[in-house]
Ligand SMILES: [Zn+2]
């Protein structure tokens, strides 16, 4: 096929001209374009099998899908924001008519600079967002047909997109200033092969946290703090350096509205929260749950998180733990409600994470701390 520059493309997405250029994909492109132009939020695949049929080996469909999600109103030049463009179908890039800049759908996303074809990326994204306990790089390598090292890197980049921001980020605060159903706050210790810890430390940890610490986690020791808004059914989880009062309360002040009802355990680090919040303390020594005063929601999240770490990911360094917390929080926050109406489908979860890929980068050097080493793919 000769290099062909597409001119005069007015539709939002890839044009009919692309279909002419790539007659073998004609049917699929037409269907995808039609669905997306209908304004339906449910375009694209809705199961793993459909995703394989939809994207497998088809860079045009994968590019179009990403473009549709990131530019719902049509491709837009990242330099001058013009929507006037022509499409170079052979290279799957757009050329801005205002400033002349060429841009791809991958530009400025976690996919930028990756030689892994976009259709393989799509399948990897599908798998990690929709597998309840995560998916290992070995599974991705086998199913998507990339090397295990590439798969490992791909998964970390996708986790970067699943995270809403660095750390707890600048998101709207949780809770209700008039109390509301409340926010459960808790921290958990991950890893460090608990049974190898010094005895005093072990006793202190177990007593202070009032929780059973897994003895066999093969993970560098780290602490994760979590907050669960019962009304929004939203969890935020972040690796913290220690469980000191200042650390815990600064995080709460930053993320929970004044006046909110806050549930914690009896750890001294939470003392004094009642100045700005309605603070209820859970007594873990009591065997019954005292009405609404409990932290079972966030504890449920911890058990999912640890199940994922134990079952799917063999060895997690503390350095990477935040991304695993982001991964589990994303799935937890996008699991849908109990009612049929607010259930979130696999396809919706997939499109949601694709909408978050923009503006996030993660280089191999950042990931490994090995500056100067070339990326594996
Ligand atoms: Zn431009």
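Here are the numbers:
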read-out	value
Subset of segment 63-73 [surrounded by fewer than 16 Cβ atoms within 10 Å (Cβ to Cβ) and within 22 Å of residue 121 (Cα to Cα)]	72
Subset of segment 83-92 [more than 9 Å from the ligand (Cβ to nearest atom) and surrounded by fewer than 19 Cβ atoms within 10 Å (Cβ to Cβ)]	83, 86, 88, 90, 91
Criterion violated by residue 72 - all others in (1) closer than 17 Å to residue 358 by Cα; (2) within 9 Å of the ligand (Cβ to nearest atom); (3) part of a loop (DSSP other than H, G, I, E, B) satisfied	(2)
Among the residues listed as 217, 228, the single one being modelled with pLDDT under 55 and not in a helix (DSSP H, G or I)	217
Lone unmet requirement of (1) within 16 Å of the ligand (Cβ to nearest atom); (2) within 19 Å of the chain's Cα centre (by Cα); (3) modelled with pLDDT of 95 or more for residue 120	(1)
Which numbered condition residue 253 fails, given (1) part of a loop (DSSP other than H, G, I, E, B); (2) over 22 Å from the mean Cα position of the chain (by Cα)	(1)
Selection within segment 96-117 - under 14 Å from residue 67 (Cβ atoms) and within 9 Å of the ligand (Cβ to nearest atom)	103
Some residue of segment 118-141 being free of Cβ contacts under 8 Å to residues at least 24 places away in the same chain, surrounded by 23 or more Cβ atoms within 10 Å (Cβ to Cβ) and closer than 17 Å to residue 312 by Cα	yes
The one condition in (1) surrounded by fewer than 17 Cβ atoms within 10 Å (Cβ to Cβ); (2) more than 13 Å from the ligand (Cβ to nearest atom) that residue 80 fails to fulfil	(2)
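Here's the yes/no breakdown for (1) closer than 21 Å to residue 234 by Cα; (2) surrounded by fewer than 19 Cβ atoms within 10 Å (Cβ to Cβ); (3) assigned by TED's automatic domain parsing to the domain that holds residue 232:
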site: 266; (1), (2), (3): no, yes, yes
site: 280; (1), (2), (3): yes, no, yes
site: 293; (1), (2), (3): yes, yes, yes
site: 311; (1), (2), (3): no, yes, yes
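The values are calculated or read from the model by the stated rules, or taken from the named source; none is laboratory data. Since we're looking at a predicted model, the values are computed, not measured. All Cβ positions, even for glycine, are placed from backbone atoms using ideal geometry, and neighbour counts span all protein chains on display.
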